[in-house]
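So the structure is just underneath, and the comments pick up after that.
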Amino acid sequence: MADKRNGSRPEYDINLEIFMKRLKVFYSLWNANKTNYWASADTLVIATPPPSEDLRYLKSSALNIWLLGLEFPDTIMVFMNKQIHFLCSQKKISLLEPLKKPVKEAVGAEIVMHVKAKSDDGKRLMDEIFRAIRSQSKSPVVGYIAKEAPEGNLLETWIEKLRSSGLKLEDVTSGFSELFAVKDNMEITNVKKAAFLTSSVMKHHVVPKLEKIIDEERKVSHSTLMDETEKAIVEPARVKVKLKAENVDICYPPIFQSGGEFDLKASASSNEDNLYYDSMSVIICAVGSRYNSYCSNVARSFLIDANAVQSKAYEVLLKAHEAAIAALKPGNRVSAAYEAALSVVKRDAPEFTPNLTKSAGTGIGLEFRESGMNLNAKNDRVLKAGMVFNVSLGFQDLQTKTDSPKTEKFSLLLADTVIINEKVPEVVTAISSKAVKDVAYSFNEDEEEEEKPKVRAESISSDALLTKATLRSDNQEMSKEELRRQHQAELARQKNEETARRLAGGGSGSGDGRGAARSASDLIAYKNVNDMPPPRDRELMIQIDQKNEAILLPIYGSMVPFHVATVKSVSSQQDNNRTGYMRIIFNVPGTAFNPHDANSLKFQGSIYLKEVSFRSKDPRHVSEVVQLIKTLRRQVASRESERAERATLVTQERLQMAGTKFKPIRLPDLWIRPVFGGRGRKLTGTLEAHVNGFRYSTSRPDERADIMYANVKHAFFQPAEKEMITLLHFHLHNHIMVGTKKTKDVQFYVEVMDVVQTLGGARRSANDPDEIEEEQRERDRKNRINMDFQNFVNRVNDLWGQPQFRALDLDFDQPLRELGFHGVPYKASAFIVPTSSCLVELVETPFLVVTLSEIEIVNLERVGLGQKNFDLTIVFKDFKRDVLRIDSIPSTSLDGIKEWLNTTDLKYYESRLNLNWRPILKTITDDPEKFIEDGGWEFLNLEASDSESDDEEESDQGYEPSDIQSDSVSDDEDADSESLVESEEDEEESEEAGSEEEEGMTWDQLLDKASREDKEKGDESDSEEERQRRKLKAYGKSRIPDKRDPRGGPPKRAKR
């Protein structure tokens, strides 16, 4: 790094094209705005100091890099209308020699070289330059950069002679600020590359590093984090960024702050204190990197178990930051950005206004902070397209009530690098998310009850060291279940208020969006009689007109046409005399399942033919005709169904191909579900991400599916872990057609393992080298496919992070397998997995995708002692939508599901029986006021009503079964409750016992066996009733009458 800052680079040639272009811009701006920005100076002198290992930003160095492509240390440049003077060493002069002729052509100025020897102090050469300045004008005005202190003997001598020369000196810093403010395309590219590196380091290094430290509760100092992050910047390969390391450097040492001591200035530094991540703490991280000397910056604040004040402060800061970015539009004043942010804070949280930073950032480019481009309330400069800003906004030293002095005072900071475009500003560091869900961490809720978050010694007192047991007993900490109940009670209150508001506004549901069916008046076989085909033979026979989709039936000596769509069914049969009969039944309006259409209402007096039968002596001909009618009818029905489905589709925008804008992101060799129609062999295809959507296509021209980004509601990436496929799944807002199928779910997948069948039939040894090699190949194939999918997902996420897609809020979600559970959502058992925003099952068809934000409540049904499984019923906010029931979930998953529902702020209830939800929802929508008056959803809360009666029974006489309940049911429940705690070994023993009985064990033999087992276990003291129950269990459950419902539901109980 030191070498790069010293300027020790390989041999370099100045890019003449860029030099001439920028020299023209320089002279044009200087000549056109001499009085505004250049203090009427007719001579500009720039002195570049010698190299240094310190990070510094000088306008003289910036001009060198901007104009010549690299820094020329220990060099004096003098710009005049007719001459440009360079005073430097011979080596630098040799680089500048090729510029003489192009400069003369570009601006009409002559380059004059002054070669300084190593032993020369340069005074004589400086006198020559001063004589040239005086010869240009009678009273020359010399502009220089006043704030840059001279460094080194050459510059100290130059400044001394300049000040004693008697020339009029003026500061022209503002002129160079204006010159560097608007970036050209090459500069914008450099900024974007620097920003990509910066945000990649934040996303792929800093955030995972912090999460790992907090998760493992390690002690790591801020300075250590700074050093590791700096290495990630100067070695881009660490974060998988393909930039050359020699072109990369840091803008400043990365900043990490926590523990109540915060400095939001750009000059802040990371101290030696350890990272503080206890409850209600804040961690601020800032990272800046340079590419080809162009700077970028990003800063994020991370909240650990934030309280209400901290959460509100961050949400307000996020809104203010977005408002400041949105105000950066060409034509606006620079001050508009800060004013927009300030207005948001004053509106949403006026109490935080005094703590808001006095600036919303600065211009950024070759300098980390471009002077004159501060985003404060006083800057009246006009914004232009091509300007780049580091939009940095924060709250300094906010106060909140906590138990620790290290969290009582906190600060927040957000910073992004933003490029001003003609229309919408572009946030080039957007891939590092600042959304609340990505920066707010809640670690206490995820810990087990035994590992409750302990209050650290610093937050209590310096001499009070409490153990976990002490904390539980003395501080009276609530159990996990109690915390969950309190949270659910609060959710119940909020849910009832929300439902009341929605029902009052008539927002209980929406239409089904179905299109009208095609009426009979649209079915025209022939427009006139002349279009009908002539009879084939003199004898009248039934004819099938495939072209016109008609059936011609001989009725009373005439051929009468019927459109095949009017046929409801057709059948044939044969009697003993080999006579064939054909029966045709037509669709008749007004009957069941055939309501009146517009045509039948128009001709209410018409007579419709309902049924017709024919007899033939050729049963083979009858069968052929029936088969032809059925085939034609099926084809027409399929076509009409597809047409009706397409008629209900929402019109999508056209796909804009990537073309010259960028190379499309491709993922080859994918299968699609639902599959395309057709009888040919199925082919894999390629998924491409274009400007505004995806396109999947195979080698067949008619097999193509387009998915617009705007139509994507949820996107999922599920790598193969215990499954056979790796997949990408898109759940859409509106239906699209995939082949001939109308769908809202489109999936692309690859099978990670080949189905292999061993022909020999013999079992292979675990140490078989072929078996080991095959397993290794399968693992490598799975890892490679998962990595290809992951790279595709990362690149698409980066594309979705661009400003034009920000409103869509798109991001690939990944299912959380550790929260998954088995259940039956449709007909077969499946593994159902939550994501951050959905509940999904993406392997088996039909797919299950439930958006959590659309859920009203969840009811856990058939929950009770003795039940091996239960059902989960989801009630949607749209009450016209049928509830979704997931059946047969193992009871072992109950606590995990409750915890997941609670952490996602979903209100759940429990019931012992399945409920009939259609009449319940109809009652609610018919009389919403009564529903609210009766307590809303609290009619499902059985705990409150059951608790009093349970307490009375326990205090008086303990549990007693209901008188109405039969003994057989009680015994069955008892057996079920016992089976709930059985291990897998017990079940296997039970099955073995049952199989032995089937093989021939008698009842007496079973009794003897049970008695022997009791003696061995020492259970002779058990009651006769207990021994009898165990004997029945050993006899086999297949002998005990099953009192359960045939569908596997709970035993039927009499109502109390």
Of R781, R501, which has the most accessible area with a 1.4 Å probe, and how do the rest follow in descending order? R501, R781
E261, E230, E71, ranked by accessible area, largest first (probe 1.4 Å): E261, E71, E230
What order, most packed first, do the peptides 896-909, 662-675, 384-397, 118-131 have when packing is the mean number of other Cβ atoms within 10 Å of each residue? 384-397, 896-909, 662-675, 118-131
Two-decimal Rg/Rh of the range 851-940 from alpha-carbon positions, Kirkwood Rh? 0.97
With label points built 7 Å along Cα→Cβ from the Cα atoms of T845 and V636, find their separation and express it in nm. 2.9 nm
Determine, from the Cβ-Cβ distance of M724 and A807 and an R0 of 30 Å, the FRET efficiency 1/(1 + (r/R0)^6), rounded to the nearest 0.05. 0.20
With a 10 Å radius around each residue's Cβ, average the other Cβ atoms per peptide and rank 320-327, 693-700, highest first. 320-327, 693-700
Fully extended contour minus Cα-Cα distance, from S853 to D768, at 0.36 nm per residue: 25.4 nm
In nanometres, what is the gap between the two model label sites at S269 and K91, each 7 Å from Cα along Cα-to-Cβ? 3.1 nm
Put a dot 7 Å past each Cα toward the Cβ at N530 and H733; how far apart are the dots in nm? 5.2 nm
Going by Cα centres, the range 647-725 and the range 345-402 are how many Å apart? 43 Å
As an exercise, use a Förster radius of 22 Å and the Cβ-Cβ distance of R583 and K617 to find the FRET efficiency, rounded to the nearest 0.05. 0.85
Can you tell me the length gained on complete extension of the stretch S699 to I18, counting 0.36 nm per residue apart and subtracting the Cα distance? 240.6 nm
Considering the alpha-carbon set of the range 185-441 alone, what are its Rg and its Dmax in angstrom? 17.4, 53
At a Cα cut-off below 18 Å, give the lysines reachable from K868, other chains included and same-chain residues fewer than 8 away excluded. K898, K1033, K1037, K1043, K1052
Given q = 0.17, 0.18, 0.19 Å⁻¹, what are the Debye log10 I(q)/I(0) values for the range 16-180, with equal point scatterers placed on the Cα positions and solvent ignored? -1.08, -1.24, -1.42
Cα radius of gyration and Dmax for the range 606-751 (Å): 21.4, 72
Work out how much length D121 to D227 would gain on full extension: take 0.36 nm times their residue separation and subtract the Cα-Cα distance, in nm to one decimal. 34.1 nm
For the peptides 14-27, 38-51, what is the packing order when you average, over each peptide's residues, the other Cβ atoms within 10 Å and list the highest mean first? 38-51, 14-27
The range 344-426 -> Rg/Rh from Cα coords, Kirkwood Rh, value 1.08
Gap separating the Cα centres of the range 783-814 and the range 295-317, nearest whole Å: 24 Å
Apply 1/(1 + (r/R0)^6) to the Cβ-Cβ distance of Q776 and S164, taking R0 = 56 Å, and write down the FRET efficiency to the nearest 0.05. 0.10
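The values are calculated or read from the model by the stated rules, or taken from the named source; none is laboratory data. These figures come from a predicted structure and were not determined experimentally. All Cβ positions, even for glycine, are placed from backbone atoms using ideal geometry, and neighbour counts span all protein chains on display. Keep in mind that these areas ignore ligands, DNA and RNA; they rest on the heavy atoms of the full protein, side chains included. Shrake-Rupley method; radii C 1.70, N 1.55, O 1.52, S 1.80 Å.
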